[in-house]
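The values are calculated or read from the model by the stated rules, or taken from the named source; none is laboratory data. All of these numbers come straight from a predicted model, not from anything done at the bench. No Cβ is skipped: glycine too gets one built from the backbone with ideal geometry, and neighbour counts run over all protein chains shown.
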Amino acid sequence: MSLLPSLLTSVAITCLVWLVAVFQPNIAIASDMPIVERVNKTILIKELPVEHKRQAVAQQKKSSDNFKFENVQIAGISQNISLNKVPTLWNDFNDNKTLQNSLKRNPSKVFVYYRDFSSSYESAMVSIGYDAKNVKSKANVINLPTSRFSSLLNKGRYNDIELKQAWQKIDYRKRILAVVEVHYLNTDNTVNSTEIFVSYN
């Protein structure tokens, strides 16, 4: 190909890319599809349309702030970790072939159990696991505390921002015993809904 056709082809491709970039926001705004997604291998959370958010808020208002985990054990992985490194622990959990291969059936939920917070609340002992009843191996089984929990976020579908806002509802003036996130899964291991609880000493 000679120089002139090459230059014309490059200019045409550049113009096409610019046109697509200029008109893309109008297409995205007009779409009813969720825009925000976070993918963490088996965990997928999508932003919901406005009407679903209103339903979730209404459901939150109905919730009771007096919940107990009765005889709940989780099997998974634990680490004393900085809270900003929790995504790394999620990766370790998802990559743990021994744990994944010991599942009796598709899990219906994943628990994330935070405890033993540092005085600055920047780190904690964090466990991520499945309900132990669903796992053949009973190694690394952790009991969730049977103390009373208050709901920070009722069961519903939330995006990352809403999950972070739930953590801001914690009363850090009190001594925190535990925070438990429960992620309910679809059959393909994507998150269907989430709820978050806190327990104080």
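What's the total number of residues in region 183-201 that are among the aromatic types (Phe, Trp, Tyr) and surrounded by 17 or more Cβ atoms within 10 Å (Cβ to Cβ)? So that I can check it myself, show each step before the final result.
Here is the first cut: in region 183-201, the residues among the aromatic types (Phe, Trp, Tyr) are 184, 197, 200.
Restricting the remaining residues to those that are surrounded by 17 or more Cβ atoms within 10 Å (Cβ to Cβ) gives 197.
The total comes to 1.
Restricting to region 165-182, name every residue that is buried (at least 18 other Cβ atoms within 10 Å of the Cβ) and either basic (Lys, Arg) or in a strand (DSSP E or B) (or both). Quick ask: steps written out before the conclusion?
The first filter runs over region 165-182 and keeps only residues buried (at least 18 other Cβ atoms within 10 Å of the Cβ), leaving 166, 176, 178-182.
Those that are buried (at least 18 other Cβ atoms within 10 Å of the Cβ) and either basic (Lys, Arg) or in a strand (DSSP E or B) (or both): Ile176, Ala178, Val179, Val180, Glu181, Val182.
Here is a check on your reading of the model: is Tyr130 within 20 Å of Val86 (Cβ to Cβ), aromatic (Phe, Trp, Tyr) and surrounded by fewer than 17 Cβ atoms within 10 Å (Cβ to Cβ)?
No, not satisfied.
Name the single residue that is surrounded by the fewest Cβ atoms within 10 Å (Cβ to Cβ) among those in region 65-102 being in contact with a Phe, Trp or Tyr (Cβ under 7 Å, 6 or more places away or on another chain) and over 23 Å from Leu153 (Cβ atoms).
Among residues in region 65-102 that are in contact with a Phe, Trp or Tyr (Cβ under 7 Å, 6 or more places away or on another chain) and over 23 Å from Leu153 (Cβ atoms), the one surrounded by the fewest Cβ atoms within 10 Å (Cβ to Cβ) is Ile77.
Scan region 183-201 for residues that are part of a strand (DSSP E or B), more than 13 Å from Ser150 (Cβ to Cβ) and touching a residue at least 40 places away in the same chain (Cβ under 8 Å) and jot them down.
The first filter runs over region 183-201 and keeps only residues part of a strand (DSSP E or B), leaving 183-185, 191-200.
Cutting the leftovers down to more than 13 Å from Ser150 (Cβ to Cβ) gives us 183-185, 191-194.
Passing the criteria: His183, Tyr184, Leu185, Val191, Thr194.
Output yes when any residue across region 96-106 is touching a Leu at 6+ places or on another chain (Cβ under 8 Å) and outside any loop (DSSP other than H, G, I, E, B), and no when none is. Steps first, please.
If we filter region 96-106 for residues that are touching a Leu at 6+ places or on another chain (Cβ under 8 Å), which is where we start, we get 106.
Filter again for outside any loop (DSSP other than H, G, I, E, B), leaving none.
Scanning region 96-106, I find no residue that is touching a Leu at 6+ places or on another chain (Cβ under 8 Å) and outside any loop (DSSP other than H, G, I, E, B), so the answer is no.
Would you say Tyr114 is crowded, with 18+ Cβ neighbours inside 10 Å, in contact (Cβ under 8 Å) with a residue 40 or more places away in the chain, assigned by TED's automatic domain parsing to the domain that holds Lys97 and out of contact with any Gly (no Cβ under 6 Å at 6 or more places or on another chain)?
Numbers: crowded, with 18+ Cβ neighbours inside 10 Å: yes; in contact (Cβ under 8 Å) with a residue 40 or more places away in the chain: yes; assigned by TED's automatic domain parsing to the domain that holds Lys97: yes; out of contact with any Gly (no Cβ under 6 Å at 6 or more places or on another chain): yes.
Here the answer is yes, as Tyr114 does meet what is asked.
A quick yes/no check of all residues on (1) farther than 19 Å from Val198 by Cβ; (2) modelled with pLDDT of 95 or more:
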position	(1), (2)
Phe93	yes, no
Asn106	yes, no
Phe111	no, yes
Tyr114	no, yes
Ser120	no, no
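In region 73-95, what count of residues is obtained for those that are outside any strand (DSSP E or B), of a type in the set (Ser, Thr, Tyr) and in contact with a strand residue (DSSP E or B) (Cβ under 6 Å, 6 or more places away or on another chain)?
Narrowing region 73-95 to residues outside any strand (DSSP E or B): 83-95.
When the remaining residues are screened for being of a type in the set (Ser, Thr, Tyr), the result is 88.
In the following step, the residues that additionally are in contact with a strand residue (DSSP E or B) (Cβ under 6 Å, 6 or more places away or on another chain) were identified as none.
Qualifying residue count, region 73-95: 0.
Yes or no, residue by residue, for (1) over 21 Å from the mean Cα position of the chain (by Cα); (2) at pLDDT 95 or above:
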site	(1), (2)
Lys97	no, no
Asn101	yes, no
Asp131	no, no
Val141	yes, no
Thr146	yes, no
Lys164	no, no
Val180	no, yes
Asn201	yes, no
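Is one or more of the residues making up region 169-176 within 17 Å of Leu89 (Cβ to Cβ) and assigned by TED's automatic domain parsing to the domain that holds Lys85?
Looking for residues that are within 17 Å of Leu89 (Cβ to Cβ) and assigned by TED's automatic domain parsing to the domain that holds Lys85, one finds none in region 169-176, hence no.
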